[in-house]
Structures are given as structure tokens and as C-alpha cells.
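Notes follow once the structure below has been shown.
The values are calculated or read from the model by the stated rules, or taken from the named source; none is laboratory data. All values reported here derive from a predicted model rather than from experimental measurement. Using ideal geometry, Cβ is built from the backbone for each residue, glycine included, and neighbour counts are taken over all protein chains shown. Protein only, heavy atoms only, side chains kept; ligands, DNA and RNA dropped before computing areas. Shrake-Rupley method; radii C 1.70, N 1.55, O 1.52, S 1.80 Å.
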Amino acid sequence: MIDERRPPGAAGEGSRDGGPLAPYRVLDLTDRSGWLCGRILGDLGADVVKVEPPEGDPGRRVGVFRGDDPDPANNLSWLAYNAGKRGITLAVDTARGRDLLRRLAQRADVLVESFPPGYLDARDLGYRTLRETNPRLVLTSITPFGQSGPYARYRGSDLVAMAMSGLMSLVGEPGRPPLRVSLPQAAMWTGMHAAAGTLIAHHYREATGRGQQVDVSMQASLLWALANAPAHWSLLREDLHRGGSRIVGRSMAGARMRAIYRCRDGHINFIFYGGEAGRRSNEALAQWMAEAGEAPEWLTHKDWGAFNIAATTQEEIDALERPFVEFLGRRTKAEFAAESLKRGILGYPVADARDIRADPQLAAREFWQAVEHPEFDATVTYPGSFARFSGARCGIRRRAPGIGEHNDEIYRAELGLARDDLEALRREGVV
């Protein structure tokens, strides 16, 4: 007889090499909106088990791990955001599948899911049901608009979340249609907030012994990306409007300030700031220009201590920016980065993917991780841990799983199913 209730804190197979969450088991039943949440928990050492339908998660290219499409470039998103997880298959719409999920949830510390509100409840798999047999369970639910409210039943893509959060209203050129960030971002913001909410519920559970449901909304998660727009409304009762590559909301006179400057090999981010920090930064860049003999006479005598960004007009900003446009246009990103660091200038080179991969700071922190993929005879370099811990390892512990790769480990070794029973479940399309 196998005890279905794994003692709290008993390490799962996937986490024997340590990590802050090494004793804990996470079931990941999410689509793309929740992949990052499971990846973060896995990086922290949790034994994350990705639960997919028998045909595989629709977000992956089915077949990559079955030999008929060995090109890793066809499913890099899947590989990146599901690294560190084990994987099983399960059809939760079948009676046997529901029974197996209940048994798995009895042994789990966290279950993360992204089904529509009410989907699990209708199948007797909701939080109220699962907590009866595992009161310590933390169930994190990720949906476009949350579990309640007038939009709760609405579907939502990255585009919908970007629009309904208000973020798109701030992106794009004035007078032209709003834009979204070209690379989908909603799932990344949602995954981060889902992981944070899960960890808070986990901390509470360890203190009280009681689990809870964590309700994560993609729309609400993206509100944090609006920067100063909500605060601007709260203080002035005025909406900010998109300014293209320029910054709005700093000048009471409505001046729009350049944030991106062209340079010889790309772009540079530099903004005129007010206050003491702005004085030092603006002064330092003007001094660099003077030393290079490229500062106009009036700029060498400018009193940056008296510069009031809030009262500056558009005409004044345009005149001020003009020599900076010319000066920065003759510099490289590397040159600007070095001088900014040396002089204390609040400006940064705009990194592209190649810059990030070659970044010496990331290399010094051993950020990049090489992971072997014997299924297509290659080594893939991944972005690694978001943090380093003095007392535990954080990072990728295994490659992303193949479809049903760990079915035997979970169903036979842990749940005690006989080989013939598991084969029968496979034939019936349950696993």
C-alpha cells in the first residue's frame, strides 16, 4: 500500500541537488501564460512536473521529441520556459484522468493552472475539492482577467492583455494607432507575478499549515508596466498620452523629451533629468562634450543647478537636445557605456540580442547555462538564474521534458500503477 500523502517537505525526485524550494513538488498545468511561473519555481529548486494532454501541449511543436522534427529552433520557447521540469501526460477530461490528478494533487505542494474560471470546479478538481484531501495545497490560477468580475469569462491573448491593461495606449507615435511590444510580453509579466504570489502563499502555508488559492490576472499583472501613468492620473487627474520614443509627463508645460538617440552602431538611452541626480548627469555629459571640443559655447556656461525640468517648454527642450543628438551620433554604444560609467551619466546603450549574449557582467555572474539535448544531439545555451543565493543553488537542473517522458517515474514509481495498467491508460488516451 502506497501512502498518497507525501509528507510536507519531502523532496521530490527532480530536486535532489538542492535549491531554496528543493523539498517541494509543483504540478504545472498551464499554457504559455504560466510557463514562466513554473520555470521560476523550478530554478528555485522545486520539483516541477509539467502536466500535458496526451498529444502534448499545443504550445510546443509536437514531434520534436519523437524524431520527426529534430530542429530545436522550431520550439525554442517551449524549451526555454519549460527547462528544469519533468513531464507527464494526462487527459483531465476523462474520469480516470481526473482521478489521477486528484492523487497527484494529494502529494503536491503547489498546483499552477491556466484553465478558464470554473473549468476545474466543473470537473470536481477545483480548489475546494482538492483542499479536502490536501489542506496545505497552494493552487495558483492564471487567467486573462481573474476568477471574478464582468470580464472573468472572456478569453484573452497577448494583444488583448496589452490593450485592456492600458499599456498600448502609451506605446506608439502621437496621432497614429497604438502599438504593442513586438515580442509578446503579457505572459512574462503574468508568470513573474504568479511566481511571486505562489511564494507568498507558500510562506503563509509554512507559517500556518494552510494553503490557499492565488488568483492571477494577466490584465492586472500588466498594470505594473504602465510606469508613471497611474500616478500621473492620481496626482493631476490627467491621462498621459503616447509620445513615441519621447518621454511625456515630466514637464508641466507639456514638453516631450527624447529618450532614444541614434549612435554609430545602434541607439542610446539618455534623458534629461531634474533634481540633484539630474544636475550631476546632465553636467557630466556636457563636460564630456566640452572636452571633446563639441559643445556649443552656451552649453559650457549652462547652470544645470537652476535647470527645472517641470517648467521647461518644448522649444527649450528642442534647443537643448540638438547638440546632444549630434554628439551622441558620433559615438558607439561601447564608448558611451564606458564614459557613462566613468563620469556618472544616467544613460545606457540599447542592447540587442547580440549585445546581451556578449555582456561581460552576465558572463562574470555565470548567467548563461549550457544544457545538453541528446534528443537532437546538441547543446543549447539558455538564460540562467535570475538571482544567486549564498546558501543554495538556483538555475536549470534539467532540459525541458519530452511528451510523457516521466510517465513511468510518476505513475509507476510514485503512484504505484502496474505496467499493464499504465499501458491500458495509454491505449485509452488517458496518459
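Pairs are defined by a Cβ separation below 7 Å, a sequence spacing of at least 6 or placement on different chains, a first member in segment 416-429 that is within 15 Å of residue 89 (Cα to Cα) and without any contact (Cβ under 8 Å) to a residue 40 or more places away in the chain, and a second member that is charged (D, E, K, R) and surrounded by 10 or more Cβ atoms within 10 Å (Cβ to Cβ); the pairs so defined are 422/412.
What are the residues in segment 197-222 that are hydrophobic (A, V, I, L, M, F, W, C), open to solvent by 40 Å² or more (accessible area, probe 1.4 Å) and farther than 17 Å from residue 140 by Cβ, if any? Steps first, answer last, please.
Filtering segment 197-222 for residues hydrophobic (A, V, I, L, M, F, W, C) gives 199-201, 207, 214, 216, 218, 220, 222.
Remaining after also requiring open to solvent by 40 Å² or more (accessible area, probe 1.4 Å): 199-200, 207, 220.
Passing the criteria: only 207.
Report, by residue number, each residue of segment 415-431 that is assigned to a helix (DSSP H, G or I) and open to solvent by less than 30 Å² (accessible area, probe 1.4 Å). Answer for segment 415-431, where residues must be assigned to a helix (DSSP H, G or I) and open to solvent by less than 30 Å² (accessible area, probe 1.4 Å): 422, 424, 425.
If you take the residues of segment 182-196 that are open to solvent by 20 Å² or more (accessible area, probe 1.4 Å) and not hydrophobic (A, V, I, L, M, F, W, C), which of them is modelled with the highest pLDDT? Reasoning before the result, please.
Here is the first cut: in segment 182-196, the residues open to solvent by 20 Å² or more (accessible area, probe 1.4 Å) are 182-185, 188-189, 192-193, 196.
Among the residues that remain, those that are also not hydrophobic (A, V, I, L, M, F, W, C) are: 182, 184-185, 193.
Working: 182: 79, 184: 87, 185: 90, 193: 97.
Among them, the one singled out is 193.
Yes or no, residue by residue, for (1) acidic (Asp, Glu); (2) closer than 28 Å to residue 322 by Cα:
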position: 213; (1), (2): no, no
position: 220; (1), (2): no, no
position: 229; (1), (2): no, yes
position: 233; (1), (2): no, no
position: 238; (1), (2): yes, no
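For segment 82-95, filtering for residues that are within 28 Å of the chain's Cα centre (by Cα) and either in a loop (DSSP other than H, G, I, E, B) or at pLDDT below 95 (or both) leaves 7.
Looking at 326, 321, which one is within 22 Å of residue 339 (Cβ to Cβ), assigned to a helix (DSSP H, G or I) and open to solvent by less than 40 Å² (accessible area, probe 1.4 Å)? Spell out the reasoning first.
Details: 326 fails: open to solvent by less than 40 Å² (accessible area, probe 1.4 Å).
Just a single option satisfies the conditions, and that option is 321.
Residue 272 meets the conditions (1) in a loop (DSSP other than H, G, I, E, B); (2) farther than 16 Å from residue 324 by Cβ in every case but one. The failed one is (2).
One residue is enough: does segment 250-268 have a residue meeting the conditions farther than 20 Å from residue 334 by Cβ, in contact with a Leu (Cβ under 8 Å, 6 or more places away or on another chain) and either surrounded by fewer than 19 Cβ atoms within 10 Å (Cβ to Cβ) or free of Cβ contacts under 8 Å to residues at least 24 places away in the same chain (or both)? No, segment 250-268 contains no residue that is farther than 20 Å from residue 334 by Cβ, in contact with a Leu (Cβ under 8 Å, 6 or more places away or on another chain) and either surrounded by fewer than 19 Cβ atoms within 10 Å (Cβ to Cβ) or free of Cβ contacts under 8 Å to residues at least 24 places away in the same chain (or both).
Which of the residues spanning segment 127-144 are open to solvent by 20 Å² or more (accessible area, probe 1.4 Å) and within 17 Å of residue 222 (Cα to Cα)?
Taking segment 127-144 as the starting set, the residues that turn out to be open to solvent by 20 Å² or more (accessible area, probe 1.4 Å) are 127-129, 131-133, 135-136, 144.
Matches in segment 127-144: 144 only.
Against the condition touching a helix residue (DSSP H, G or I) at 6+ places or on another chain (Cβ under 9 Å), more than 23 Å from residue 36 (Cα to Cα) and not polar (S, T, N, Q), how does residue 398 come out, does it pass? So residue 398 fails the test.
Restricting segment 339-366 to residues that are touching a Phe, Trp or Tyr at 6+ places or on another chain (Cβ under 9 Å) and not in a helix (DSSP H, G or I), the residue that is nearest to residue 381 (Cα to Cα) is 359.
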